[in-house]
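Reading through the structure tokens given below for one structure.
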Amino acid sequence: MAERNFGEVVLKVDNVSLSFGGVTALENVSFDTREHEIRAIIGPNGAGKSSMLNVINGFYHPQDGTITFKGQARKQMRTHDAAAQGIARTFQNIALFKGMTTLDNIMTGRNLKMRRNFLWQALYWGPAQREEMEHREFVEHIIDFLEIQAIRKTPVGRLPYGLQKRVELGRALAAEPDLLLLDEPMAGMNTEEKEDMSRFIIDVNDDFGTTIVLIEHDMSVVMDLSDRVAVLDYGKLLADGTPDEVRGNKAVIDAYLGAVHD
Amino acid sequence: MTELDTFPKLLVDRAKRYADRQANREKEFGIWQSWTWAQVAAEVEQFACGLLAMGFERGDKLAIIGDNRPRLYWSVAAAQSLGGVPVPTYQDAVAEEMQYVLEHAGVRFVIAENQEQVDKVLEVADRCPLLEQIIYDDTRGLRGYDHQRLSSFVTVQERGRELLAKKPQAWHEEIAKGKGSDDGIILYTSGTTGKPKGVVLTHENMVVTAVNSIEFEGLREDEETLAYMPMAWVGDHIFSYAQAYVAGFCVSCPESTDTVMTDLREIGPTYFFAPPAIFERLLTNVMIRIEDAARLKQKLFHYFMGVAKRVGTRILDGEQTSFTDRLLYRLGDLCVYGPLKNTLGLSRVRLAYTAGEAIGPEIFDFYRSLGINVKQLLGQTEASVFITIQRDGEVRSDTVGPPAPGVEVRIEDSGEVMYRSPGVFREYYKNPQATAETKTPDGWVHTGDAGFFDDEGHLRVIDRAKDVGKLTSGAMFSPKYIENKLKFFPHIKEAVAFGNDRDHTTVFINIDLEAVGNWAERHGIPYGSYQELAAHPEVYKMVHDSIEQVNRDLAADSHLASSQIKRFLILHKQLEADDGELTRTLKVRRRIIADRYRMLIDALYSDQERCHVDTEVTFEDGRKGKISADLQIRDTQTFQPTAAAN
């Protein structure tokens, strides 16, 4: 493997705090992500990992702190704007349209890139048709990339869990994101499926240069995959560094790796 | 005109004669992409010249690793045009198996389909001292690799174009140096015993075989085929390459291994090959779906399948049938057979072959009664496939037909089938001893199969000659015959029979997870794994009944009545090629299984009712694990022989 080269800091989280009523989900958390990096957030259940992702893509609004994405600082943002700026994500509990086919689900990921309004699309004529063909071609490249040709026309509700996760990744990729947020991409998978998924994540990062922030429970996967790891515990940033640094960090061992939290 | 005695020469000719006819198709990005013969020739020319620029010399070996892809087929022609020898290898082989072939064949260049295959080659590259360059087709994931010994197919073609700009005739000059007696390919046989052997076939072997078989079957340049069997297998090489180049027909490659059934339907081949297992699986799928269909549809299906069973094969064989039967069959074609064939992707099939294993008579007749011309043949890598082929109108489920055109067949006193033909291989690569053991000085080849000619002059193969044994009573014991009878039941996937030098027969059973799983679902039987399902009492009962049925059949056979099965068990795991229990072409490796499960066999020949077993298994990525189980052993009833023994 060649040396990994990273660009500028593309995402910077500064002193972010988030609470729901009296419950503090995040407390003064800061970290950054460089372009082209695979960044992991780990931590026990309830540590605030998913909340962190939700803050980054504008679903939660932090009471304090700022998020800087591609040089633009913000405190509040709507999910729609986040998507328009190039942030895409997958969810811990798969959020696909179960009755729709793989192809259609991934096509929905192109929604923001479509110029024609729904009337044009309903007519499916002229420019609308040409546009759809372009998007379809892009989606076919994703289908090829993720090796899901065989389920192109299968309703996703009928697919096994591991494949649904892959379709969800496909939909996120369809938005051509600069930053990809993956919430437990490997939860509930067997060893083989995990290996496949790891391979896809590395390939996405490699071939498209996409920056990736992921949450994952499987330690061996995290340590293999990521360039840097941020550790959260009870909403606080406990450690931040390369997998080796984190693995040797005393506080981390005590709080997470050593202790049973489930 | 020079003689077209090599495949590259044929390609140059086809590019002129069929310039605008399609030669290859591949589904990519959801659309069928196609290449005409002229385009294929240009692609091959550029790739070949790229190889030349990289230092490929006459006699060099190019290993080919991957699924059926047009570019991999082109690389076969490219290597051949430079006087090199392509060595296709089984794409699902683990790294060590691959290393053996790469090392033994002395491979200098490899073309691999994708990152997965490149990784495997890189893993063993240090142990293959002659290996220099790895070329890959799909670039995905390979960007970050060290490119000192790696290049993509496209960059090789670029180098080829540079060379062609300087020497426009380079390719044609190289092709002109080739002769029919040159080595055309080395195919490693998976081998049921020992290390694989590299069968060397010359251009002449394959060109003559292709010409003969094309003439015999009346294949034309407008045939359509789908190449989906491993490229390392001689059948694919002859059907999808040799015959295609000689006849000039179009070969399509599926989008991925998982989409073969859909692609089959879209292409609608006219010429089709499938091993019995695939015909069997297609039929199982049909039956499962029919059981889920509405009542009226089921009734229609069963009624018309009854009609087809009665008259379908006779109509196909051109025999006399009554007017009403023909009318009913026509109606059935409209309502059932036509749509069914369309779903299976077999509506346009003019000729289909099955070979490699015995096919169940019900399965065989099912397809023939639909009007699909499925025929059996006896083939071997050493023969460039064809030894015998069934003639149209003389097709039986239990024979493999008379000798193929140009082939002589004789039966040794030992019962072994021998043949001699223009397709007979030159040698086993770097293995003169094995060559001498298999091929006599006057060109006859031992098949290793035991068989005889029936009254119509059709060959009937019973078993591997070395597997036919004797019970202690002295009666003949043919394990494969018994296993095949068992495997014809849809819920039995694999069976291994023991009995040589024993006083009775016992068997291991592997259930068919798909068929039994579906049955379990419909009967509300929960199960978590293959192991759990296999141990279920209801499943045991089902297998038990099937075995007694087989015993009843055996009792009626004068030669085999004493081979009735006395005891059986259902294995706790599926027999796997990754564990070395099956060959890559999915044939049982008897000796290895007997060795591995010695404890279980001993238990079968004791009066134990249970037996504990620990087994090491290999996962797809090559790592190993262990599974253990407590297996039940059951006794089965045997029957009085109903035919007089002679």
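Here, each number is a calculation from the coordinates, and none is a lab measurement. The structure displayed is predicted, hence computed values, not measured ones. Cβ: placed from backbone, ideal geometry, glycine included. Neighbour counts: every protein chain shown.
With no solvent and one point per C-alpha, what does the Debye sum give as log10 I(q)/I(0) for chain B at q = 0.09, 0.11 Å⁻¹? Here the Debye-derived log intensity ratios amount to -0.81, -1.21. Converting phi to 3J(HN,Hα) with the Karplus coefficients 6.51, -1.76 and 1.60 and the offset θ = phi - 60°, the stretch A:85-99 yields 7, x, 10, 10, 8, 10, 10, 5, 9, 2, 10, 10, 7, 4, x Hz in sequence order, with x at every glycine or proline. Within straight-line reach of A:K75, meaning a Cα separation under 26 Å, sit the following lysines at least 8 residues removed in sequence or on another chain: A:K12, A:K49, A:K113, A:K236.
Counting only other chain Cβ atoms within 10 Å of each residue's Cβ, the peptide A:212-224 averages 0. Here's how it looks for B:L377: its modeled amide H is under 5 Å from those of B:T354, which are all 5 or more places away or on a different chain. Secondary-structure-derived ellipticity at 222 nm for the protein assembly as shown, considering helices only, amounts to -10500 deg cm²/dmol, per-run term -39500 (n - 2.57) for DSSP H runs with n ≥ 4.
The overall shape of the stretch B:386-504 is oblate: from the C-alpha gyration tensor, with semi-axes ordered a ≥ b ≥ c, the ratio a/c is 1.5 or greater and a/b is no larger than b/c. When chain A is treated as a GNM with alpha-carbon contacts under 10 Å, the residue of A:D178, A:D240, A:D196 showing the greatest mean-square fluctuation is A:D196. Between B:N285 and B:T155, the distance separating the two model label sites (each 7 Å from Cα on the Cα→Cβ line) works out to 4.0 nm. The angle between the Cα long axis of helix B:153-166 and the main principal axis of chain B comes to about 30°, on a 0 to 90 degree scale. The stretch B:199-213 and the stretch B:582-627 have their alpha-carbon centroids 39 Å apart.
Once C-alpha pairs closer than 8 Å and six or more residues apart are averaged by separation and normalised to the residue number of chain A, the relative contact order reads 27 percent. Computed from the C-beta positions of B:E57 and A:Y161, the FRET efficiency with R₀ = 51 Å rounds to 0.50.
Of B:H544, A:H217, B:H458, the sequence from fewest to most neighbouring Cβ atoms within 10 angstrom is A:H217, B:H544, B:H458. Taking amide H positions as modeled 1.01 Å from N, with prolines and chain starts lacking one, no residue 5 or more places away or on another chain lies under 5 Å from B:V107.
Can you give me the relative contact order of chain B as a percent, contacts being Cα pairs under 8 Å and 6 or more apart?
Reported relative contact order: 9 percent.
Using C-alpha pairs below 8 Å separated by at least 6 residues, the relative contact order for the stretch A:97-171 is 58 percent. Counting other Cβ atoms within 10 Å as a rough exposure proxy, the listed residues B:C253, B:C128 run B:C128, B:C253 from fewest neighbours to most.
Just to verify a number: FRET efficiency for B:E319 and B:T343, C-beta to C-beta distance, R0 = 35 Å, to 0.05? According to the calculation, E is roughly 0.80.
Separation of the stretch B:119-142 and the stretch B:260-286, taken as the distance between their Cα centroids, equals 33 angstrom.
Based on the Cβ-Cβ distance of B:A594 and A:I94, what FRET efficiency does E = 1/(1 + (r/R0)^6) give at R0 = 41 Å, to the nearest 0.05? According to the calculation, E is roughly 0.30.
Phi-derived couplings, Karplus 6.51 cos²θ - 1.76 cosθ + 1.60 at θ = phi - 60°, listed residue by residue for the stretch A:117-131: 7, 5, 5, 4, 5, 5, 5, 6, 9, x, x, 5, 5, 4, 5 Hz, with x used for Gly and Pro. A simple packing score, the average count of other Cβ atoms within 10 Å per residue, orders the peptides A:197-203, A:108-114, B:438-444, B:489-495 as B:489-495, A:197-203, A:108-114, B:438-444, with the highest score first.
Only one residue of B:W519, B:L471, B:L571 has its Cα farthest out toward the positive end of the dipole of the stretch B:469-635, where Lys and Arg carry +1 and Asp and Glu -1 on Cβ, and that residue is B:L471. Annotation: extensible slack from B:R310 through B:A436 equals 40.4 nm (criterion: 0.36 nm per residue apart, minus Cα-Cα distance). Each part gets one Cα centre, and for the stretch B:16-89 versus the stretch B:476-494 those centres are 41 Å apart. Near B:D449, the amide H atoms lying under 5 Å from its own belong to B:V417, B:A465; only residues 5 or more places off or on other chains count, and H is placed 1.01 Å from N.
With both labels modelled 7 Å from their Cα along Cα-to-Cβ, the B:D146 to B:S256 distance reads 3.1 nm.
In degrees between 0 and 90, to the nearest 10, how far off the longest principal axis of chain B does helix B:537-555 point, with axes built from Cα atoms? Roughly 90 degrees, rounded to the nearest 10.
Rounded to the nearest 10 degrees, the inclination of helix B:513-522 to the longest alpha-carbon principal axis of chain B is 50 degrees.
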